[in-house]
1. Spin-label point model (7 Å from Cα, Cβ direction): what's the T59 to I33 distance in nm?
2. Taking the Cα atoms of the range 59-101, report the difference between the largest and smallest coordinate on each principal axis, in whole Å and largest first.
Amino acid sequence: MTRVIPLAFAIGVIAAGCGSDDSGGTTTAPVSIPAVTSPGLTTTTAPTTTSTTPSTTPTAKGGKTYNPNQPDSATNDIPPAEGSPQAQFEQQCKQNPSACG
């Protein structure tokens, strides 16, 4: 029992040392961080346009018929603009179909 008292006293001293600092000292001042903005960037809204061309008007180019008012798909293959990277890719695929899988 005599060992229990010094052990309890030691635990009490250690626990008392783990408390908060009540010295009344000041803490660091709060820091204000301004908002980050990117200079020179502006937001523009594209004007809305209406199409007077009916969506059922097919167009032919290069022997293929497609509808320019519908999305490009396997059944509506809209050819890319001449000289564009897409046009160069399609030309390469025509010359070497195995490269385009």
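Throughout, read-outs are computed from the coordinates displayed, never taken from laboratory work. Keep in mind that this is a model prediction, so the values were computed, not measured. Backbone-built Cβ (ideal geometry, glycine too); neighbour counts: all protein chains shown.
1. Between T59 and I33, the simple spin-label model gives 5.0 nm.
2. Its Cα atoms span 30, 21, 18 Å along the three principal axes.
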